[in-house]
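Structure record follows, encoded as structure tokens.
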Amino acid sequence: MNSHEDKPRSGLSRRQFLKGTGLTAATALASTPLLESGPAQAAQNARAATPGFGPGPVKLELTVNGAKVTTEVEPRVTLLDALRNYVDVTGPKRVCDRGTCGACTVLLDGKPIYACTCLALEAMGRRIETAEALHAEGSLHAVPAAFVQFDAQQCGFCTPGFVMAIKAALDRNPKATPEELEAAVSGNICRCGTYQQMRDAIRSLCKKMAQHNGQPIQTLAAASLSAGCCHHGKEG
């Protein structure tokens, strides 16, 4: 036998070292208030402060075309379905229901959006405009009037989305060019293919805006009608 085997080993064994470090770590964790501060706790506090909705119907208050409407919907209901099925505003059309065709375009605080991609609850407290707002007191807004004048629709299912997108573009920039207005409706699809007639209507709108020194488009409705918007073909 070797003589050194009978001698006791000096220092810590590996097992003793691991046991000691584990105990130290456990003591540190127990004494540190991890959940009382920091980003994780801040996020948890924010979640706790956010009110929950559903799953049953909840009260919904919307401002649609200047009027206050109240109903009850499940939180999962989109703005499109709330408008059409709960408050009887059927201008925006339900076609793709995937945010790809633009038939459901409405204005939310003046910005064009696909109503099928927005929850109804997200629209509370905001201003909603639909195609119904473009006809008031016997006067047709300049944009749909131009569509009528140049026969820029066939089935008409996509038309409300197109006119709302163009109106939003002209509200933002009354001096928009025909190219800029065409870009504004690049997210809208006409399955009947009346794009050339729409281009004619857009050119007419831009011409009227230039003649009126870029004044707000809504003031041109009467002028559009008096210019013969109910006949087809090129502007006389």
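Tabulated results
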{"quantity": "For the range 133-140, Karplus couplings with θ = phi - 60° (6.51, -1.76, 1.60), whole Hz, Gly/Pro x", "calculated": "6, 8, 9, 9, 6, x, 10, 9"}
{"quantity": "Placed amide H near Cys101: partners under 5 Å, 5+ positions off or other chain", "calculated": "Cys96"}
{"quantity": "Under Karplus coefficients 6.51, -1.76 and 1.60, residue-wise ³J(HN,Hα) of the range 100-113 in Hz, glycine/proline x", "calculated": "10, 10, x, 5, 9, 4, 10, 9, 10, 6, x, 9, x, 9"}
{"quantity": "The range 58-129: radius of gyration and largest Cα-Cα distance (Dmax), Å", "calculated": "10.8, 30"}
{"quantity": "The range 125-172: radius of gyration and largest Cα-Cα distance (Dmax), Å", "calculated": "11.1, 37"}
{"quantity": "Calculated over the range 133-226: convex hull of Cα atoms, volume per residue (Å³)", "calculated": "86 Å³"}
{"quantity": "Karplus-derived 3J(HN,Hα), 6.51/-1.76/1.60, for each residue of the range 194-208, Hz, glycine and proline x", "calculated": "8, 5, 5, 5, 5, 4, 4, 5, 5, 4, 5, 4, 5, 5, 5"}
{"quantity": "5 angstrom amide H check on Ala136, placed H, neighbours 5+ away", "calculated": "His141"}
{"quantity": "Residues whose placed amide H lies under 5 Å from that of Arg126, excluding near-sequence neighbours", "calculated": "Thr63"}
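We did not get these values from a lab; they are worked out from the coordinates using the rules stated. All of these numbers come straight from a predicted model, not from anything done at the bench.
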